Amino acid sequence: MSKVWFITGTSTGFGHHFVEQLVQAGDKVVATARKLDAIQDFKALAPDRVHLAALDVTKEDQIQAAVQEAVNVFGKIDIVVNNAGYGLFGMLEEYTEEQIRKQFDVNVFGVLNVIRATLPVFKRQGSGYYINFSSFFGAVSFPPFSLYAASKFALEGFSEAFAKEFASFGIKTTIVEPAVFATEFLGHSLEQTEKKPEYIPYYEAYEKGLSDIKIGEPAKAVQYIISIIKSGNVPLRLPVGSQAAYTIRDAYNKRLEELNAWYDRSAEADSK
């Protein structure tokens, strides 16, 4: 039986591949983007199974309108893919106030806005599924992505909590943690700071490390994600790509080592 998917950020990257693959599989899709001109080609794929909606995740009125359109056209929403987001590249003191607030407005509050708008639909149905795109940066942080990582840490924090809150309503949640893929994340969608010369060694180290990273194929990643979702055996967190799995495991192991080193002494802070 076909599902109805509501997907944010479908003009490029993972979102674009989601629409293409889901339509080919026979599902129904509400494809959203800030500019409808960028996704008009989707309509030709399957006019009766694709609905296009203008949606900027920072504008609550657009979100509410797009959700209502989805229900009006298809009668329900089975799966919400919170894919819209972007990266902010730079050192902490280089970020402007506007850049910091925008990063959280899109990557954190934007996701929360979509969830708040679709939750009543899921509760009425007694079922639903949130797919929230994080990153391996949702588990580990390093320069020059401190604020981007912070936004993904926040997403993982509230997603983990509401996964438990919503479970009794028949609503499932999965946090997707991709590695580096050949999307626009490292291209025109990556917002950058004005570089300070004293941080040049950090940037050079980042560039050197990036050259050693295997860049993944987004179409293959989306195929993998969809296969897991449709299998019914879904985890709370889903690393995507070997680099993500390795990096996250390494970060957790180091965290456990540090925790174990200080575990016994932590009791010194307890009341007597």
Review point. When both residues are 6+ apart or on different chains and their Cβ atoms are under 9 Å apart, which pairs have a first residue that lies in region 32-46 and is of a type in the set (Lys, Arg), and a second that is assigned to a helix (DSSP H, G or I) and surrounded by 15 or more Cβ atoms within 10 Å (Cβ to Cβ)?
Key: ARG34/GLN62
Review point. HIS51 versus (1) over 26 Å from PHE166 (Cα atoms); (2) in contact (Cβ under 8 Å) with a residue 24 or more places away in the chain; (3) in a strand (DSSP E or B); (4) not aromatic (Phe, Trp, Tyr): which is the lone unmet condition?
Key: (2)
**Study point:** Exclusive hit being crowded, with 18+ Cβ neighbours inside 10 Å and touching a residue at least 24 places away in the same chain (Cβ under 8 Å), set VAL73, VAL106
**Key:** VAL106
Check your understanding: If you go through region 109-117 one residue at a time, do you hit one that is in contact with a Ser or Thr (Cβ under 9 Å, 6 or more places away or on another chain) and surrounded by fewer than 19 Cβ atoms within 10 Å (Cβ to Cβ)?
Key -> yes
Review point. How about region 1-41: which of its residues are farther than 16 Å from VAL176 by Cβ, modelled with pLDDT under 95, in contact with a Ser or Thr (Cβ under 8 Å, 6 or more places away or on another chain) and not basic (Lys, Arg)?
Key: THR12, ALA38
Practice item. Determine which single condition ALA65 fails, assuming it passes every other condition in (1) within 30 Å of LYS195 (Cβ to Cβ); (2) modelled with pLDDT of 95 or more. Key: (1)
Review point. Without any contact (Cβ under 8 Å) to a residue 12 or more places away in the chain, surrounded by fewer than 18 Cβ atoms within 10 Å (Cβ to Cβ) and over 28 Å from SER11 (Cα atoms), is that true of GLU207?
Key: no
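Right, ASN253: exposed (fewer than 13 other Cβ atoms within 10 Å of the Cβ) and closer than 30 Å to THR173 by Cα or not?
Yes; evaluated as a whole, the condition is true for this residue.
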Point to revise | All positions within region 16-38 that are surrounded by fewer than 22 Cβ atoms within 10 Å (Cβ to Cβ) and assigned to a helix (DSSP H, G or I) | key: GLU20, GLN21, VAL23, GLN24, LEU36, ASP37, ALA38
Practice item. Please work out which residue is farthest from LYS230 (Cα to Cα), limiting yourself to region 58-86 and to residues that are in a helix (DSSP H, G or I) and small (Gly, Ala, Ser). Key: ALA65
**Study point:** Inter-residue pairs, beta-carbon under 6 Å, first closer than 15 Å to VAL67 by Cα and in contact (Cβ under 8 Å) with a residue 12 or more places away in the chain and in region 1-24, second assigned to a helix (DSSP H, G or I) and hydrophobic (A, V, I, L, M, F, W, C), 6+ apart
**Key:** VAL4/PHE74; TRP5/LEU22; PHE6/ALA70; ILE7/PHE18
Practice item. Could you list, in sequence order, all residues of region 134-149 that are touching a residue at least 24 places away in the same chain (Cβ under 8 Å), crowded, with 20+ Cβ neighbours inside 10 Å and part of a helix (DSSP H, G or I)? Key: PHE136, GLY138, LEU147, TYR148
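In region 150-184, what count of residues is obtained for those that are basic (Lys, Arg), crowded, with 18+ Cβ neighbours inside 10 Å and in a helix (DSSP H, G or I)?
Count: 1.
The values are calculated or read from the model by the stated rules, or taken from the named source; none is laboratory data. All values reported here derive from a predicted model rather than from experimental measurement. So basically every Cβ, Gly included, is an ideal-geometry build from the backbone, and we count neighbours across all protein chains shown.
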